[in-house]
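The values are calculated or read from the model by the stated rules, or taken from the named source; none is laboratory data. The structure displayed is predicted, hence computed values, not measured ones. All Cβ positions, glycine included, derive from the backbone under ideal geometry; neighbour counts span all protein chains shown.
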Amino acid sequence: MFSPKPPKPTFTSYLSPLQSDVKKYLPVSTKKLEARLLPGEIVVNEANFVRKCIGADSSQDDLWGKLICTNFKVSFVTHDSLPQQRFQCVHRLLGEHDVPLACVEQVVTVNDAKGKQKVLGSNKKLKFNPTELILYCKDFRIVRFRFDEAGPESAKKVCLAIAHYSHPADSQLLFGFEYVGTCFYGSSGEKVNGVDLGKRVQMAMFDSSSDWDREIKRTGASEWRVCAINEEYLVSPSLPEFFVVPSSLADQDLKQYACYFKAQRLPLWCWNHPNGSALVRMSSITEPQQQRKLDQRICSAIIKSHPMRSNVLKTDLDKSLPSIQEIQTALVKLRQICVIEPFVESEEKWLSSMESSRWMEYVRAFLRHAVEVIYMLDGKQSSVILQEEEDRDLSCVIASLVQLMCDPHCRSLAGFQGLVQKEWVMAGHRFLDRCNHLKKNDKEESPLFLLFLNCVWQLMEQYPAAFEFTDMYLTVLSDSMWVPVFSTFLFNCPRQRAEHSRDFALSKSISLGKDKVLQFPPVWDWSQQFSQKDQALFNNPLYVGKSAPCVHNGTVRTFTHRRSKKNYSSTLRGLPSDLKNGGLAVLDTLPRRNSLMPRLRTDVAQANERQESPAERFLQDWLSRPADLHGLLLPQLLPSHLPLWKLYFLRWVPEARIPNGGPITTFHKLSVLVDEIEILQNQLRQYTGGATPALSPSSTQDEPSKMYFRAGLSPSESPAPPEYLSSSFPFSPMGNLCRRGVLGTPLSKFLNGARIWLSTETLANENL
């Protein structure tokens, strides 16, 4: 895996070695450097005179400081600044050089002199003094530290501390428990300042029957009702306390049926189509003798809830989609292509390597299956049951994608967050296991939520004006999985959250009172992480909501967009009439935004070789119709229409960074334009006749704006794009991805197809 151990030198020099250039940048003292600690956070170990590697080949730009390990993060504190001016959101929980311990996937220690490397785990011993520490992170970062001037013992201790605390033995050792217990509850166990985290978030959390009642009314599911038989989790350990079932099913019957389903997970209602068709998710039936009987009763109740009494169709997700292990393997291969292998060396084989990872193939498979389910709901006007063995993984992705494509409410910020809360958090997706926070069982780890966000991003790329949020929002949401303070991503189900928080409160003598459980902040309370100004980066300036304000005869009026009878649409432009099977005729080109696609002769040939399915005909018929951003949205599924999510996967790669370029430059201009429109609308509302009111700093800059980039005080003072803008905005690859092709920093020689970046066993050339 690595180069062999160098031979012992045959020449001995008695002259003192020359001083390297590294020492010229050695700071005078690092004793005054201290990490910023959160409530409940403590310093475990630290090392002074540590060098953080910034450049891959030169140490000239490296930073000197103190490396600190706490029970929450790996923190590097320095007086120096990065060599290039750039922008970064100010994170309220993390510093500029901080890495949460939950984000650390592997800790690799290196001794250059002895040619030794080792992957550290919890309670592992280290028999050599490390000269270098490499942190491989789950968000695709690679962070390197050097201990050339640090004390050997302090370097060893801080490395062992990072390895130990990044592998918590129990979920209650995750930092979120200490943070919530200290931040929101006093030393006496009483609630601090009466904080109620639930009231900070203006969205449905689906932890009460009233939230489900409102969702039933919003979707027009009049033949469905809220069921409360699982209060106190008496029926199923992984279902929420409240869920929706057909009105014709009695509670007593449901209690009898529960024992025949996997983990007692009764069928769950997800959503109702305007034509009355219902989307339902269901686990497998464990008793073969009861299979037919239960299927008939469940399907009969769903048929009764349909106004047209249409049949119920069932799709087996376990047979139709890749497994969670295959998805995990695909991400490992994709990570190797994007950040492990040298970017320049892999450029020639980039597309073939990307295809071999199968990540984009799986993204396409989930989008295609969601379209097939929509065809059943919309085209056949039939209710659909999504069946999965445990109903906690693949069904979360498909149920969410179907609603996102069909329901414009789910494409708003509040609607999307409610969708994730309903179909992932409350439905019992195993976030604790799938994120592998405890690093106990690698076979249970799978990036299903990241795959879902990637599918959402594909839809946003094809319909940029249909979503209220941005790809920066999706990226930050994914990163929040590795900040272990939010209830959203800390537990496998609501019951686990209740049990673990009660146990922790009992051990810390915290009085829960009426709460029953610790009030962990949900990730949707973005004020926990970002200021109101930085949250404006989440707002899409192109978004076309339910109504659009216009000026008519000097007054501002709101005109509501009318929906067509059929919710068919395409991209912002219609497609040519001779588009067949998603391919093009020889002389035609695809009128897609920002695309210079070559002729798709191979795609046409492949499409003509097989017969078109009814779902594909439904998709092509829909794509041939005009756009309706407030109705159904279906994706183009050709590989040429599904690009790589560059902001997420390539944001740390310096070679992929485009200074003053990328989509952010368009985002900047659109944001300024939208802000100018808002200013003019405010002026018109204040206008009562006479001279037009002049703009002033007090009337514009002090008013809250949805846009991060603000307009100037006059059209002639339109602000220029800031110098710090780049294609990786608002992230910076500087110091977050350091790769060297020398001993101690592994590059491309990894186990092919392995889940982890390196072998967890002792690496080559290690004589321990």
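Within region 350-379, residues that are farther than 14 Å from Gln336 by Cβ have Cβ atoms under 6 Å from residues that are among the aromatic types (Phe, Trp, Tyr) and surrounded by 18 or more Cβ atoms within 10 Å (Cβ to Cβ) in these pairs: Tyr375/Phe618; Gly379/Phe618, counting only partners at least 6 apart in sequence or on another chain.
Could you please find all residues in region 610-642 being in a helix (DSSP H, G or I), surrounded by fewer than 19 Cβ atoms within 10 Å (Cβ to Cβ) and without any contact (Cβ under 8 Å) to a residue 40 or more places away in the chain? Answer for region 610-642, where residues must be in a helix (DSSP H, G or I), surrounded by fewer than 19 Cβ atoms within 10 Å (Cβ to Cβ) and without any contact (Cβ under 8 Å) to a residue 40 or more places away in the chain: just Arg617. In summary, Gln535 fulfils each of the numbered conditions (1) outside any helix (DSSP H, G or I); (2) outside the structural domain of Ile398 (by TED's automatic domain parsing); (3) within 16 Å of Gln417 (Cβ to Cβ) with the single exception of condition (1).
Number of residues in region 363-390 that are over 16 Å from Val312 (Cβ atoms) and of a type outside the set (A, V, I, L, M, F, W, C) equals 6. Looking across region 120-164 at every residue that is under 28 Å from Arg434 (Cβ atoms) and in a loop (DSSP other than H, G, I, E, B), the one that is modelled with the lowest pLDDT is identified as Asn123.
Just to verify a result, which residue in region 158-180, among those that are β-branched (Val, Ile, Thr) and assigned by TED's automatic domain parsing to the domain that holds Gly40, is nearest to Val483 (Cα to Cα)? This residue is Ile162.
Do we have Val483 as closer than 30 Å to Ser122 by Cβ, touching a Gly at 6+ places or on another chain (Cβ under 9 Å) and buried (at least 21 other Cβ atoms within 10 Å of the Cβ) here? So Val483 fits the description; yes. Would you mind stating whether Glu445 is farther than 30 Å from Asn123 by Cβ and acidic (Asp, Glu)? Here the answer is no, as Glu445 does not meet what is asked.
Of the residues making up region 480-537, just one is modelled with pLDDT under 95, among the aromatic types (Phe, Trp, Tyr) and more than 22 Å from Met203 (Cα to Cα), namely Phe504. Scanning region 651-675 for residues that are buried (at least 20 other Cβ atoms within 10 Å of the Cβ) and of a type outside the set (Val, Ile, Thr) gives Arg651, Trp652, Arg657, Phe667, His668, Ser671, Asp675. Considering region 516-532, the residues that are assigned to a helix (DSSP H, G or I) and in contact (Cβ under 8 Å) with a residue 24 or more places away in the chain include one that is farthest from Cys183 (Cα to Cα), namely Gln532.
Per-residue answers, yes or no, for (1) at pLDDT 95 or above; (2) among the basic types (Lys, Arg); (3) in contact with an Asp or Glu (Cβ under 9 Å, 6 or more places away or on another chain); (4) outside any helix (DSSP H, G or I):
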position: Leu249; (1), (2), (3), (4): yes, no, no, yes
position: Tyr257; (1), (2), (3), (4): yes, no, no, no
position: Gln289; (1), (2), (3), (4): no, no, no, no
position: Lys293; (1), (2), (3), (4): no, yes, no, no
position: Cys299; (1), (2), (3), (4): yes, no, no, no
position: His306; (1), (2), (3), (4): yes, no, yes, yes
position: Leu313; (1), (2), (3), (4): yes, no, no, yes
position: Asp318; (1), (2), (3), (4): yes, no, yes, no
position: Glu326; (1), (2), (3), (4): yes, no, no, no
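Against the definition (out of contact with any Asp or Glu (no Cβ under 6 Å at 6 or more places or on another chain), in contact (Cβ under 8 Å) with a residue 40 or more places away in the chain and in a loop (DSSP other than H, G, I, E, B)), how does Gly428 come out, yes or no? Considered against the rule, which asks whether it is out of contact with any Asp or Glu (no Cβ under 6 Å at 6 or more places or on another chain), in contact (Cβ under 8 Å) with a residue 40 or more places away in the chain and in a loop (DSSP other than H, G, I, E, B), Gly428 comes out as yes. Among the listed residues Arg411, Arg430, which satisfies the condition of being crowded, with 24+ Cβ neighbours inside 10 Å and among the basic types (Lys, Arg)? On inspection, the qualifying residue turns out to be Arg411.
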